[in-house]
Amino acid sequence: MLKITDLVKRYGGGEPVLKNLSLTIEGESVVAIVGSSGAGKSTLLRCINRLVEPTSGSIELNGTELTALHGRKLREARRNIGMVFQGFNLVDRLTVMENVQSGRLGYISTWAAVMRRYPKQDIRRAYELMERVGIAHYANTRADQLSGGERQRVGVVRALMQDPEILLADEPTASLDPKTSEQIMGLLQDLAGELKLPVLINIHNTSEAKIYTDRIVGMRYGRIIFDDLPDKLDQEAMDRIYSGSPHADRSEDLREAS
Amino acid sequence: MSEHPDTWRKPPFIANPVLRWGLYIFALGYFLWVGGTLPIDWGRVADGVGRAGRIFGGAFPPSFERSELLIDGFLESLKIAILATTGGVALSIPIAFMAARNVAVLPVYYLGRAIIIVARSFHPVIVAIIFVKAVGFGPFAGVLTLIVYSIGFVAKMLAERIEEIDFGQVEAMRAAGAPYFSTLFYAIFPQIMPRQIGLSIYQLDSNLRASAVVGIVGAGGIGATLANAFGRYDYDFALAITIVIVGVILVSEGISGQIRKRVG
């Protein structure tokens, strides 16, 4: 279970990007986070695995408080959180197998990693997962030879290699064409069910969010203003999520304060 | 009828006309002043032309008689260049990581930059003079000199390449809980590898050239042979050496260019 309480993130001295945000993800549900650019979706996801340092608040994953961790403890916690990126973030010059195994870097020694001496069960697991998403025949191919959809499959397998307790996907389909995008969303949905894995997806495409997820969270300027079943995301809710400007939102804050 | 203007001039580089013309006049005045005040003795230049004529007269035809001396000198230069490149590049890699702002913490970054700046601030000839004093005449001084020279160039260029990497790959490793050095080897090394190989080959080429120069001040190699030939007024042998240096450098440039093209 992921439990976020009163999370605040402020870059520099500016307006907070996340404003006392609270969110709980239970079980193996696929949750979409929607909202306009600048709403804080990416920041929220990156606070969870501490690629971004939260300013205050608490993030608990299956009983472990993540915000206070440092060094080795932080790395151990990160192993339990898989992440899929918008730009794939594969190492272009390495093979697909090396990219997939890089999801295990937190478990193996630097020496074993440099010498490419991966544990047998990791290699078996890699083939298993690559087979599952249809990229097993690319094991020895350099990552930059693959198409966008194939690259994102590598990204997904890399994250799953961590044997994570939760999967974060930061706009995983934004760099893909519509058809590939649907395939990847379908894959994430299926894998969540197969591996009993909660998945948190930032997404711009609300129609895909409605089809492929179990719950939709709408964010607007650092706050959650919608949290319900996908069917409940109607035009009125969409308008509330996507309307307004940061400026209008700030003046609203001022009125509330006075 | 259109009221739009039909002439347009590019705005001047320096907008303020007083500053612009002031700069032009200052530059012109400075050149005139330098030309007028530098102590160039035209009489001595005229005498020198005669001497230069004698040197070139003595140099033709070039003499390859003592070719074993020439070959020995060259092999030594090659050894110096290879050793210095290996040592220099090996030292350059950690220094480059220290001097890259996006992977090093601030104090380490300053230390790395400082090493590079020191290595770059002196011409190899000056470094060679110091090392010849420190470790004596011969190729060892040459190797040390060219290691310093290699660090100055390779570490600087490599640090710049590290600063240009796609940081998303580093983020992906961090997100997976990878330790620092594993991240370095998986996310950064593959990205800088082509540049690293290209720089090493370029530096080998460059060190071979520089080894001819530092030899003149006593740091071994073909440069020492050349300096000796001049010292003994063997201008024909000196010309032969010069021709071979130019030839070898042409060949090595060609080869290194080819290799770098394939790697890049």
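A few remarks follow.
- Fluctuation leader among B:ARG54, B:ARG120, B:ARG20 - chain B, Gaussian network, Cα springs under 10 angstrom: B:ARG20
- In plain terms, if you count all Cα to Cα distances in the protein assembly as shown and split them into 20 Å steps from zero, the share in each step is 17, 34, 27, 17, 4 percent.
- DSSP finds beta bridges in the protein assembly as shown, and of those with both partners inside it, around 55 percent are antiparallel.
- Considering helices alone, the calculated mean residue ellipticity of the protein assembly as shown at 222 nm is -18500 deg cm²/dmol, with DSSP H runs of length four and up weighted by -39500 (n - 2.57) and normalised per residue.
- Cβ-placed point charges (K, R +1; D, E -1), dipole of chain A about Cα centre in debye, nearest 20: 1160
- Summing both sides, the accessible surface hidden between A and B at a 1.4 Å probe radius is close to 2000 Å².
- Pairwise Cα separations in chain A fall into 10 Å bins from 0 onward with the following percentages, short to long: 7, 30, 34, 21, 7, 1, 0.
- Around the Cα centre of the range B:67-263, unit charges on the Cβ atoms of Lys, Arg, Asp and Glu (plus for the first two, minus for the last two) sum to a dipole of about 440 debye.
- Accessible surface, the protein assembly as shown, averaged per residue in Å² (probe 1.4 Å): 52
- Converting phi to 3J(HN,Hα) with the Karplus coefficients 6.51, -1.76 and 1.60 and the offset θ = phi - 60°, the range A:200-207 yields 10, 10, 7, 8, 8, 7, 6, 5 Hz in sequence order, with x at every glycine or proline.
- Among beta bridges that DSSP assigns inside chain A, antiparallel share in %, nearest 5: 55
- Think of the range B:67-263 as a dipole: +1 on every Lys or Arg Cβ, -1 on every Asp or Glu Cβ, centred on the Cα centre; then among B:THR85, B:ASN102, B:PHE122, B:ASN102 lies furthest on the positive end.
- Built amide H within the under 5 Å cut-off of A:LEU51, gap 5+: none
- Taking Cβ atoms as reference points and 14 Å as the exclusive limit, the residues near A:SER147 contribute a net charge of 0, counting Lys and Arg as +1 and Asp and Glu as -1.
- Scanning chain B for DSSP H helices at least 20 Å long along the axis (C-alpha atoms) with a Kyte-Doolittle mean no lower than -0.5 picks out B:17-37, B:42-59, B:67-98, B:106-121, B:189-216, B:235-263.
- Solvent-accessible surface (1.4 angstrom probe) belonging to B:MET193, in square angstrom, nearest 10: 80
- Percentage relative contact order, the range B:67-263, counting C-alpha pairs under 8 Å, at least six apart: 29
- Within the same chain, lysines fewer than 8 places from A:LYS196 are excluded, and of the rest, those with a Cα less than 19 Å from its Cα are A:LYS3.
- In Å², nearest 10: area of A:ILE224 left accessible to a 1.4 Å probe: 50
- Only Lys, Arg, Asp and Glu carry charge here, each on its Cβ (+1 for the first two, -1 for the last two); on that basis the protein assembly as shown has a dipole of about 1520 debye about its Cα centre.
- Computed over the range B:67-263, the P(r) curve from all C-alpha pair distances, binned at 5 Å from the origin, holds 1, 8, 14, 16, 16, 13, 10, 8, 5, 4, 2, 1, 0, 0 percent per bin.
- Here's the list of lysines a cross-link from B:LYS79 could span, going by alpha-carbon distance under 28 Å and ignoring same-chain residues fewer than 8 apart: B:LYS133, B:LYS156, B:LYS261.
- Whichever aspartates and glutamates have a C-alpha closer than 15 Å to that of A:LYS41, once near sequence neighbours (fewer than 8 apart) are set aside: A:GLU53, A:ASP170, A:GLU171, A:ASP227
- Taken residue by residue and averaged, Cβ atoms of other chains lying within 10 Å of the Cβ of A:99-105 number 5.
- Of the GluC sites (Glu not before Pro) in the range B:24-81, those whose Cβ has at most 12 other Cβ within 10 Å and which sit in DSSP loop: B:GLU65
- Among the chymotrypsin sites (Phe, Trp or Tyr not before Pro) in the range B:218-252, those placed in a DSSP loop whose Cβ has at most 14 other Cβ atoms within 10 Å are B:TYR233.
- q = 0.27, 0.30 Å⁻¹: log10 I(q)/I(0) that the Debye formula gives for the range A:1-64, counting C-alpha atoms only: -1.33, -1.49
The values are calculated or read from the model by the stated rules, or taken from the named source; none is laboratory data. Everything numeric here is computed off the predicted structure, so don't read it as measured data. Ideal geometry is used to build each Cβ from the backbone, glycine not excepted, and the neighbour counts take in all protein chains shown. Surface areas here come from the heavy atoms of the whole protein model, side chains and all, with no ligands, DNA or RNA. Shrake-Rupley method; radii C 1.70, N 1.55, O 1.52, S 1.80 Å.
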